[in-house]
């Protein structure tokens, strides 16, 4: 053969071969996983595929034990309960989500992917051109829990014990045990294996309020729970009664509360009987709010305008409470006046004492025998004998 | 006979004392009351400031507590210096200077910007001022008040307890209204009242001064040293009675403060609530005040020798300190309160007497230096006692050992007191005077006047 022709043939063959050599068959990085769900729940299936070119992903469904009749799912199927989100990048990623599950949603869900250019050709057997991964979704009837209504703690019910009750009325699988949770955390010593469980709060105070959940666990099914809200008016548990700071310093006033639902906080300045909104024209006031805590921060205190009574107000659906803090600003010169007053008092006292003394006994400074403290350290002389006699007589 | 007995006894060691405790003497007692409250009462009520300091200087509580430790240590250390200055110069001037220094310390402290400033001002300067005030005031009262000496001392020292009821809320109010800087400034002003107290002391007649100097060679160093030692009354350290007494008081001080520091913690540890523990402390404090005044009044009635009464109160105090942990062992709260009340009474009672006994031992004219040296030496005991009790508590886990050891030291002090010369005689021995032949004359006269149930002694001449 002519060498040029051979080269041309190799080139042509090479060209034909190139797509097949760089083409990579589709393969699953992540396949959908089987799950058991309860009616009314939501589930999501993930499918991640690699291949070159990026494979196309489809979702198919077959009822249980009907493996021969797969039907394709599309976004918005089953009265918009089905959502399919697919992204094609270097990989193909697709998420199948179904909300408000019913018993009829049980079945086999299949993720199909292919990058074969002939995949949609009717004459091809899909079993060859598409790769498939399956997951079985079982939907069980959600057990019915009879739970007590929400409780609102108020001043007149305070002191009376409160009971929350949960009754598992219908269950399709045997249950294991039940326990209570408050605000997402399990309450200790509430685990029992009764179908009827209750949680008793003996002394309801504001901090007892919250979101309570009774949880039933099952051997072969996911947990079922019911929520009971215990609501109360917020109760302010911590605040400063007074804040005394020097001029120019920064003052911090805070309020802490307990109660559910979490309150919204407002700060006001109390002027006698009327309320004033805090004037932040000087930009020195900062308020920081969190669920059960609020802080009013004042920079660079001004002795003219800042002192006064500040009120923090906590409000939720049930009611509101407020507490006040007195802010006092001390001037730098304030202590000078008492100090000068005390100084004056002492000077007057000393002057009085010295003058009184000089007047009453002006010659005492020279006379010796009234001075008992003076130690006599000298050798005696005859002069002192007189004194001895005098002393003896006065005894 | 008996009516003149107390007079003879009291003036047995004295020199030229006032015949009656006149109005001026009681004015002195008032001055002692005020100055003691401004020294020790103030020191005890500084707790309010310490809370502020911890927050402002961001220091540990231990670093802050050094302030009051420095102040107390300075007061005790400079006591002999204060006594010497009074001997050399005028008591009135010394006390007034001390007052000014104490006030200056607080005024400067109000401007402090770091912890070291506080140590130097509130600690060192004020402590130095207090040292110049306390010993001279006590010695002046002891020397000037003769008939009701112990009562005067008791009344003067009761101020510490009484005033602490006033100072604590007052300081709290001052700190809240003026800030700690303003409050310290005002306290400095209040401390200046010591100057007014000092003004009440009669100025020393100038003619006395040259008598102190034995020789005319004032420029040579040996005579300077001699003068110095006479001002400081250092020869006292060579006298056995004084040394014995000082040792006894030092032993007493090791254990005396332990309940004050540890009673509340001990009560809480045994299981009583905070309020119950605080009440025990308050009860002890109240009976302490009562004990000071009552013991002062009783001692002056003259039925017993002061040294005997002192040993009685110290022995009882030591006993009650040892009983404190045992009473709470049974878990009975009322027992603990009763023992604390008794302990408070006895410890207050002995406080009035401690300084009143000094002139019996060293003579009235040496009282100034004697008390100064006594303060200095007993300060070491305080430094030893509290850490030791803390150590015992750490090692054994309870306060029982601390209290027992503290009570033991107090009882040891009592035993040391019994070794004083003439302890077991019924009347006070003649107080020693400076050795001069004039004094020998005097002591002969005094001995002639001694009422005697002392062992017969030919020189006594058989009493009146």
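Numbers for the structure displayed
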item: Residue in region B:1-17 that is at pLDDT below 85, part of a helix (DSSP H, G or I) and closer than 29 Å to residue A:346 by Cβ present; result: no
item: Only one of B:360, B:417 that is surrounded by 21 or more Cβ atoms within 10 Å (Cβ to Cβ) and under 18 Å from residue B:142 (Cβ atoms); result: B:360
item: Some residue of region A:298-305 being more than 14 Å from chain B (Cβ to nearest Cβ), surrounded by 15 or more Cβ atoms within 10 Å (Cβ to Cβ) and assigned to a strand (DSSP E or B); result: yes
item: Pair list, Cβ under 9 Å, 6 or more apart: region B:53-81 residue under 23 Å from residue B:91 (Cβ atoms), other residue outside any helix (DSSP H, G or I); result: B:71/B:46; B:80/B:232; B:80/B:233; B:81/B:232
item: Leading residue by the ranking (nearest to residue A:151 (Cα to Cα)) among those in region A:162-178 that are over 32 Å from the mean Cα position of the chain (by Cα) and part of a strand (DSSP E or B); result: A:169
item: Qualifying residue in region A:241-254 (condition: on the phi > 0 side of the Ramachandran plot and either touching a helix residue (DSSP H, G or I) at 6+ places or on another chain (Cβ under 8 Å) or assigned to a strand (DSSP E or B) (or both)); result: no
item: Region B:183-195 - residue that is touching a residue at least 24 places away in the same chain (Cβ under 8 Å) and within 8 Å of another protein chain (Cβ to nearest Cβ) and, of those, farthest from residue A:351 (Cα to Cα); result: B:183
item: Among the residues listed as A:204, A:222, the single one being outside any strand (DSSP E or B), surrounded by 15 or more Cβ atoms within 10 Å (Cβ to Cβ) and on the phi < 0 side of the Ramachandran plot; result: A:204
item: Single condition residue B:112 does not satisfy, out of (1) assigned to a helix (DSSP H, G or I); (2) surrounded by fewer than 23 Cβ atoms within 10 Å (Cβ to Cβ); result: (1)
item: Residue B:146 vs. criteria outside any helix (DSSP H, G or I), within 30 Å of residue A:242 (Cβ to Cβ) and either modelled with pLDDT under 90 or within 11 Å of chain A (Cβ to nearest Cβ) (or both); result: no
item: Strands (runs of 3 or more DSSP E) wholly inside region A:52-113 that include at least 2 residues being under 40 Å from the mean Cα position of the chain (by Cα) and surrounded by 17 or more Cβ atoms within 10 Å (Cβ to Cβ); result: A:82-88, A:91-98
item: Residue check for residue A:350: modelled with pLDDT under 90, over 30 Å from residue B:363 (Cβ atoms), in contact with a helix residue (DSSP H, G or I) (Cβ under 7 Å, 6 or more places away or on another chain) and within 11 Å of chain B (Cβ to nearest Cβ); result: yes
item: Breaking point among (1) within 16 Å of residue B:32 (Cβ to Cβ); (2) more than 19 Å from the chain's Cα centre (by Cα), for residue B:140; result: (2)
item: Matching option when the condition is buried (at least 19 other Cβ atoms within 10 Å of the Cβ) and assigned to a loop (DSSP other than H, G, I, E, B), among A:260, A:212; result: A:260
item: Sole exception among (1) within 12 Å of chain A (Cβ to nearest Cβ); (2) assigned to a helix (DSSP H, G or I) for residue B:119, by number; result: (1)
item: Lone unmet requirement of (1) closer than 30 Å to residue A:137 by Cβ; (2) surrounded by 18 or more Cβ atoms within 10 Å (Cβ to Cβ) for residue A:230; result: (1)
item: Conditions (1) modelled with pLDDT under 90; (2) surrounded by fewer than 24 Cβ atoms within 10 Å (Cβ to Cβ); (3) assigned to a helix (DSSP H, G or I): number failed by residue B:125; result: (1)
item: Within region A:18-51, considering residues that are modelled with pLDDT under 85 and touching a strand residue (DSSP E or B) at 6+ places or on another chain (Cβ under 7 Å), the one surrounded by the most Cβ atoms within 10 Å (Cβ to Cβ); result: A:26
item: Residue list for region B:79-102, filter: part of a helix (DSSP H, G or I) and more than 21 Å from the chain's Cα centre (by Cα); result: B:88, B:93, B:100
item: Filter result for the condition that a residue is at pLDDT 80 or above, within 14 Å of chain A (Cβ to nearest Cβ) and out of contact with any strand residue (DSSP E or B) (no Cβ under 6 Å at 6 or more places or on another chain), over B:358, B:405; result: B:358
item: Residue within region B:277-289 that is out of contact with any strand residue (DSSP E or B) (no Cβ under 6 Å at 6 or more places or on another chain), surrounded by fewer than 24 Cβ atoms within 10 Å (Cβ to Cβ) and outside any helix (DSSP H, G or I) present; result: no
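Listed here are the residues, each with its yes/no results for (1) away from chain A (no Cβ under 14 Å); (2) in contact with a strand residue (DSSP E or B) (Cβ under 7 Å, 6 or more places away or on another chain); (3) closer than 30 Å to residue B:382 by Cβ; (4) at pLDDT below 80.
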position: B:164; (1), (2), (3), (4): yes, no, yes, no
position: B:169; (1), (2), (3), (4): yes, no, yes, no
position: B:181; (1), (2), (3), (4): no, no, no, no
position: B:207; (1), (2), (3), (4): no, no, no, yes
position: B:218; (1), (2), (3), (4): yes, no, no, yes
position: B:224; (1), (2), (3), (4): yes, no, no, yes
position: B:246; (1), (2), (3), (4): yes, no, yes, no
position: B:254; (1), (2), (3), (4): yes, no, yes, no
position: B:267; (1), (2), (3), (4): yes, no, yes, no
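Table: residues versus (1) surrounded by 12 or more Cβ atoms within 10 Å (Cβ to Cβ); (2) part of a loop (DSSP other than H, G, I, E, B); (3) within 14 Å of chain B (Cβ to nearest Cβ); (4) at pLDDT 85 or above.
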| residue | (1), (2), (3), (4) |
| --- | --- |
| A:309 | yes, no, no, yes |
| A:312 | yes, no, no, yes |
| A:317 | no, yes, no, yes |
| A:323 | yes, no, no, yes |
| A:327 | yes, no, yes, yes |
| A:364 | yes, yes, yes, no |
| A:378 | yes, yes, yes, no |
| A:393 | no, no, yes, no |
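The values are calculated or read from the model by the stated rules, or taken from the named source; none is laboratory data. Keep in mind that what you see is a predicted model, and the values were worked out from it rather than measured. All Cβ positions, even for glycine, are placed from backbone atoms using ideal geometry, and neighbour counts span all protein chains on display.
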